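Read through the structure below, which is laid out as structure tokens, and then see the notes.
The numbers here are math on the coordinates, done by the rules we state, and not lab data. Model, not experiment: these values are computed from the prediction. Cβ placement follows ideal geometry from the backbone for every residue including glycine, while neighbour counts extend to all protein chains displayed.
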Amino acid sequence: MSEPMSISGSLTKKDLKRLTGTTRSGTVGPTTVYYAGLTAPIISAGVTVITRAQFANAGFSTYWIWLLSAFVAAFAGISWYLIFMRWSYRQTHGRSEELAEVTRLDITEEALIVRRGYVVSHIGWRAISELRRGRSFLAIIIDGSPTLLVPDHWFDKESDQRQAFQTLLEAKTQL
């Protein structure tokens with residue numbers, strides 16, 4: 001039986017950006033891509049109907065009506081898609097409590113215990129699916145829970161303590 005090990009600290013805004021970069025694969029979510037892709041063809045179809053009617057009223061031949069309507073509709077759809085995607089970029093990183101509260105991690109025989117403010121979470125060792133080492137942090141990927149970020153600055157430049165913490169985590173999770 002090993003002794004419990006603890007580490008605590010607060011995340012900085014820079015840490016939250018690292019956390020976001022570690023957990024997100026893109027700058028927009030899948031729902032945004034879905035709705036942008038869904039609405040762009042609808043807008044294109046609507047613009048096609050409107051421009052086709054306008055060109056027909058202007059006396060254009062059938063060939064030019066279809067060609068010009070297709071171009072205008074394509075540009076309208078692409079423009080809407082690009083505008084929608086830009087509006088949907090995720091601007092903020094993390095959640096408010098991650099900057100306001102000190103996080104404490106305790107490694108025990110039974111679980112990884114996470115304390116933030118008045119909330120205590122017991123994370124079973126089998127729930128930890130990955131330990132991802134970054135340049136200045138350790139990301140703990142947990143099934144069914146948000147990723148935990150352990151920045152190196154929590155160890156106050158004690159690389160031996162940081163390595164011991166990571167080694168103990170690896171041993172407990174068998175990763």
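Taking the Cβ of Leu105 as the centre, find all other residues whose Cβ is under 11 Å away and add up their charges (Lys, Arg: +1; Asp, Glu: -1). Each step should come with its number before you reach the end.
On the way: positive: Arg104, Arg115, Arg116; negative: Asp106.
Net of charged neighbours comes to +2.
Residues whose amide H lies under 5 Å from that of Phe137, counting only those 5 or more places away or on a different chain, are Asp152; hydrogens are built 1.01 Å from N in the peptide plane.
Quick check: net charge around Gln163, other residues with Cβ under 13 Å of its Cβ, Lys/Arg +1 and Asp/Glu -1? Let's see the in-between values first.
Working: positive: Arg133, Lys157, Arg162; negative: Asp152, Glu158, Asp160, Glu170.
Taking every other residue near Gln163 into account, the sum is -1.
Subtracting the Cα-Cα distance of Phe60 and Tyr34 from their residue separation scaled by 0.36 nm leaves 5.7 nm.
Rounded to the nearest 0.05, what FRET efficiency is calculated for Tyr118 and Asp160 with R0 set to 30 Å and r the Cβ-Cβ distance?
Rounded to the nearest 0.05, the efficiency is 0.40.
In order along segment 33-48, phi translates into HN-Hα couplings of 4, 4, 5, 5, x, 6, 7, 4, x, 5, 5, 4, 5, x, 5, 4 Hz, rounded to whole numbers, per the Karplus curve 6.51 cos²θ - 1.76 cosθ + 1.60 with θ = phi - 60° and x for Gly and Pro.
Pop the C-beta distance of Thr147 and Val102 into the FRET formula with R0 = 25 Å and round what comes out to the nearest 0.05.
So, using R0 = 25 Å, E works out to roughly 0.90.
Legend: ranking of residues Glu110, Glu158 from fewest to most surrounding C-beta atoms inside 10 Å; resulting order Glu110, Glu158. Neighbours of Val150, meaning other residues whose beta-carbon lies under 12 angstrom from its beta-carbon, give a summed charge of +3 when Lys and Arg score +1 and Asp and Glu score -1.
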